[in-house]
Amino acid sequence: MKAIIEGKCVDYTHDGQGVVKINNRVVFVPSLLIGEVAEIEILYRKKDFDVGKIKKIIKFSEDRITPKCQCATACGGCSFQNLNYKKQLELKYNLAKETLKRIGGIDLPITKIYGMDEPYYYRNKIQVPFGYDKQKRLVYGFYKFKSHDIVPFKECVIQDKVHINILSTIKKLMFDMNIKAYNEDDGSGVLRHCLIRVAKKTNQVMVVLVVKSLNFPSKNNFIKALINECNEINTIVLNENPRKTNVILGNKEKIVFGKGYIIDELLGIKFKISSKSFYQVNHSQCEVLYDLALKEANVNSNDVMLDAYCGIGSIGLIFSKFVKCVDGVEIIPKAIKDAKENIKLNNITNAHYFCSDINNFVINKHYDLMIIDPPRKGIDDKFMNSILKLKPTKVVYISCNVSTLARDLKILSKLYKIKSINLVDMFPHTFHIESVVSLSL
Ligand SMILES: C[S@@+](CC[C@H](N)C(=O)[O-])C[C@H]1O[C@@H](n2cnc3c(N)ncnc32)[C@H](O)[C@@H]1O
């Protein structure tokens, strides 16, 4: 029989789980809020901590609200749907401040956290697996935390509503046409994942169907019926992934409807987005983020700028109007192809894009301004050494991971003064937060 304990939540982990301390032992409890007392079932024990789940809440927090989403607890995607939004922002602010101090030794005030007025239905991209439940019924949904069990959903309150309509139509058509979902165990079946992107400004919609093989029975009828039933779709791409892997997208693609990309707009600049391009998932907060980066960079028309980790060129192209020239560097060839087309799409003449690992990019000119927007792992040593050698006058570091940001700021602080730290809540109800830090030499 599993042990049941009673305890009070006194803190949160970096990923939003409640922390309960009993006799010098720490128990992590998802969905338990600070101040709440609960009966907790211990699920498993590790060397330094236990993991439990709430059996019964004995004392409720005043900040607890009923999640809008029926599967919020089961799917595990949203850690904080049960906490009122104002408190979520306070929590993220405090967690960021504490992490910057603990890892980076940075004890500075955070100027502001920018939250959303309407923090629901904000995601412009969804990526879900198709499969079968225990009763062998066709389902789509999110993988349950640390498992490959699919938690089905009828609605997801952080996703654009268009996504849900298209997903349920795909499921209905698969059922009608006897198209099977891929089976991870024996490799049978057709459809593995569906990725949908909606351009919030232009309303264009792209559907990417990740399939075991580009050819499958009833393919043409299926695509035709999907277009007929969902006339909001502008383009459909088939992506072939025959491998036994957790990586979602394969290498081979075929456009079966429309142009194979969609166009969106951010702060007046048009962007072409294809299946594999990185594009921020929260359109309105992305505008807040880029606008903030622009202000914090204090740009002028003589600035020579490097847009490091540039994706499809979003930041550099928005900055291009205000600086002398922009170089952008990105590792994914398709994103650079899009960035180059985005230059033409917007008639920009002072931006240049290069496909390279930023660590191997040979820099032999002076940059006044570097905008650095790395993935979660932060800046690698090699590029960090280049920054410290090249000494750009201004650096704006945009980060989606406060822990690696803190580590990197500790190093940059040897040469740079931190002028401001701001947070933008791009991902309400989850524990993620985006930071914008402005530094000067
Ligand atoms: C957080 S995204 C930022 C993209 C872009 N700045 C934006 O706002 O849309 C990080 C980008 O870095 C790219 N990337 C990851 N590692 C890289 C590397 N070693 N060199 C260059 N680009 C890299 C990824 O492909 C991704 O497009």
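Descriptive notes on the structure:
- The range 368-385 residues that are without any contact (Cβ under 8 Å) to a residue 40 or more places away in the chain and of a type outside the set (A, V, I, L, M), paired with ones that are assigned to a loop (DSSP other than H, G, I, E, B) and within 10 Å of the ligand (Cβ to nearest atom) (beta carbon under 7 Å, 6 or more apart): ARG376/CYS400; ARG376/ASN401; GLY378/ASN401
- Any chance LYS53 is outside any loop (DSSP other than H, G, I, E, B), in contact with a strand residue (DSSP E or B) (Cβ under 8 Å, 6 or more places away or on another chain) and among the basic types (Lys, Arg): yes
Table: residues versus (1) more than 12 Å from the ligand (Cβ to nearest atom); (2) over 18 Å from the mean Cα position of the chain (by Cα); (3) closer than 27 Å to ILE387 by Cβ.
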position: ILE263; (1), (2), (3): yes, yes, no
position: LYS270; (1), (2), (3): yes, yes, no
position: TYR279; (1), (2), (3): no, no, yes
position: ASN282; (1), (2), (3): no, no, no
position: ILE315; (1), (2), (3): no, no, yes
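- Options ASN350, ASN346, ASN342; residue that is within 12 Å of the ligand (Cβ to nearest atom) and either on the phi < 0 side of the Ramachandran plot or loosely packed, with under 15 Cβ neighbours inside 10 Å (or both): ASN342
- Residue that is modelled with the highest pLDDT, among those in the range 242-253 that are in contact with a strand residue (DSSP E or B) (Cβ under 8 Å, 6 or more places away or on another chain) and loosely packed, with under 14 Cβ neighbours inside 10 Å: LYS252
- Filter pass, THR99 being polar (S, T, N, Q) and either touching a Gly at 6+ places or on another chain (Cβ under 6 Å) or in a loop (DSSP other than H, G, I, E, B) (or both): no
- Residue in the range 388-397 that is within 12 Å of the ligand (Cβ to nearest atom), outside the structural domain of VAL157 (by TED's automatic domain parsing), closer than 30 Å to ASP160 by Cα and surrounded by 20 or more Cβ atoms within 10 Å (Cβ to Cβ) present: yes
- Restricting ASN350, ASN346 to those that are touching a residue at least 60 places away in the same chain (Cβ under 8 Å) and not basic (Lys, Arg) reduces the list to ASN346.
- For the range 287-296, the criterion of being in contact with a helix residue (DSSP H, G or I) (Cβ under 8 Å, 6 or more places away or on another chain) and touching a residue at least 60 places away in the same chain (Cβ under 8 Å) is satisfied by at least one residue.
- Residues that are exposed (fewer than 13 other Cβ atoms within 10 Å of the Cβ), within 15 Å of the ligand (Cβ to nearest atom) and over 18 Å from VAL437 (Cα atoms), drawn from the range 357-379: ASP357, ASN360, VAL362
- Residues in the range 195-209 that are surrounded by fewer than 21 Cβ atoms within 10 Å (Cβ to Cβ) and within 13 Å of LEU249 (Cα to Cα): 1 in all.
- Boolean, TYR114 is buried (at least 17 other Cβ atoms within 10 Å of the Cβ) and touching a Leu at 6+ places or on another chain (Cβ under 8 Å): yes
- Verdict on LEU43 being surrounded by fewer than 16 Cβ atoms within 10 Å (Cβ to Cβ) and among the aliphatic types (A, V, I, L, M): yes
- Just one of the listed residues (LYS365, LYS344, LYS389, LYS340) is basic (Lys, Arg) and farther than 18 Å from SER320 by Cβ, namely LYS389.
- Selection within the range 102-144 - farther than 30 Å from LYS200 by Cβ and among the charged types (D, E, K, R): ARG102, ASP107, ASP133, LYS134, LYS136, ARG137
- Among the residues of the range 219-249, those that are part of a loop (DSSP other than H, G, I, E, B) and either outside the structural domain of LEU195 (by TED's automatic domain parsing) or of a type in the set (A, V, I, L, M, F, W, C) (or both) comprise CYS230, ILE233, VAL247, ILE248, LEU249.
- Condition met for LEU409 (touching a residue at least 60 places away in the same chain (Cβ under 8 Å) and touching a Gly at 6+ places or on another chain (Cβ under 8 Å)): yes
- Looking only at the range 134-161, and only at residues there that are farther than 14 Å from CYS75 by Cα, part of a loop (DSSP other than H, G, I, E, B) and not basic (Lys, Arg), the one that is modelled with the lowest pLDDT: GLN135
- Only listed residue being crowded, with 18+ Cβ neighbours inside 10 Å, more than 23 Å from ILE158 (Cα to Cα) and out of contact with any strand residue (DSSP E or B) (no Cβ under 8 Å at 6 or more places or on another chain), chosen from LEU266, LEU294: LEU294
The values are calculated or read from the model by the stated rules, or taken from the named source; none is laboratory data. None of these values were measured; they are calculated from a predicted model. Methodologically, a virtual Cβ is constructed for each residue, glycine included, from the backbone with ideal geometry; neighbour enumeration extends over all protein chains shown.
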